[in-house]
Amino acid sequence: MTKKNSSVIFELRAELEQALGRKLKTPNDFVFCVGAIWDKLRQNISPTTLKRLWGYIDGADTTRLSTLNILSQFLGYTDWDGYLAHLEQKSESQSAIMQQPEVSTSDLKKGTQIEIQWQPNRRCVLEYLGENSFVVIESEHSKLQKGDTFECMSFYLHHPLYIDNLVQGGNAPVSFVVGKRDGLTVVKRYI
């Protein structure tokens, strides 16, 4: 099983949406995806499974290998391992070994504040809520706004921040990338 909030799953979802030619945001979008998979592979996958993977509904924090194999095959790979090999090869020129994170949620206590900055001139202060969840308490020049909540596990300097289950107002949860091109330029932890 694979954690649904990993950057690899984020990439898989983006590639699937690109292959489908639409974002998966509504129940009908997930039914459409199920139909496309059936038409191409004659493989069954549940719309509910896809909704969980996309964070559209709460549920399992992990995804079964059989599901990842089907989704990888839909994209033209032999299986999940083939998809992972593709990602590794694709990112060789952009790869970097990620050392210890600047901040990991496993080291945080509820109420700890984290400041992050990224280009151009973006800044947020986050408060840790526990269980890998954060709330934005300050925001400058960012699409993340005060009161937004999201999940992530770690913050790496000079790497993008991949977040899941971003909730803004009454909207359905979405995934989001912060500092997609240049990564985070500042990561500060306030105890």
- Note on the structure: Summing -39500 (n - 2.57) over every DSSP H run of at least 4 in the chain, dividing by its residue total and rounding to the nearest 500, the 222 nm mean residue ellipticity is -9000 deg cm²/dmol
- Message: Whole angstrom only: what separates the Cα centroid of region 15-43 from the Cα centroid of region 119-161?
- Response: 30
- Task: Would you work out which of LEU53, MET153, TYR77 lies farthest towards the positive end of the dipole of the chain, given +1 charges on the beta-carbon of Lys and Arg and -1 on that of Asp and Glu, about the Cα centre?
- Result: LEU53
- GNM on the chain, Cα springs under 10 Å; top mean-square fluctuation among LYS110, LYS51, LYS40 goes to LYS40
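Expressed as cubic angstrom per residue, what is the convex hull volume of the alpha carbon set of the chain? Walk me through the numbers before you get to the answer.
Values: hull volume 23.7 nm³, N = 191.
So the per-residue Cα hull volume is 124 Å³.
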- Message: Between 0 and 90 degrees, rounded to the nearest ten: what's the tilt of helix 7-20 against the longest Cα principal axis of the chain?
- Response: 50
- Task: Scan region 143-191 for trypsin sites (Lys or Arg not before Pro) in coil per DSSP, keeping those whose Cβ has at most 12 other Cβ atoms within 10 Å, and list them by number.
- Result: LYS143, LYS146, LYS180, ARG181
- From the phi of every residue in region 111-122, what ³J(HN,Hα) in whole Hz does the Karplus formula 6.51 cos²θ - 1.76 cosθ + 1.60 yield, where θ is phi - 60° and glycine or proline is x? x, 4, 10, 10, 9, 10, 9, 7, 7, x, 6, 9
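Would you mind ranking GLU88, GLU138 so that the residue whose beta carbon has the fewest other beta carbons within 10 Å leads the list? Don't jump to the answer; show the numbers that get you there.
Numbers: GLU88 10, GLU138 14.
If I rank by nearby Cβ atoms, fewest first, I get GLU88, GLU138.
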- Helix 80-90 versus the longest principal axis of the chain: what angle, 0 to 90°, nearest 10, using Cα atoms? 60
- Between 0 and 90°, nearest 10: helix 27-41 axis offset from the chain longest Cα axis: 50
- Message: Treating only the Cα positions of region 103-190 as identical point scatterers, give the base-10 log of I(q)/I(0) from the Debye formula at each q in 0.10, 0.24 Å⁻¹.
- Response: -0.20, -1.32
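Coordinate-derived values only; no laboratory data. As the structure is a prediction and not an experimental result, all values here were calculated from the model. Virtual Cβ from ideal backbone geometry, glycine too; neighbours counted across all protein chains shown.
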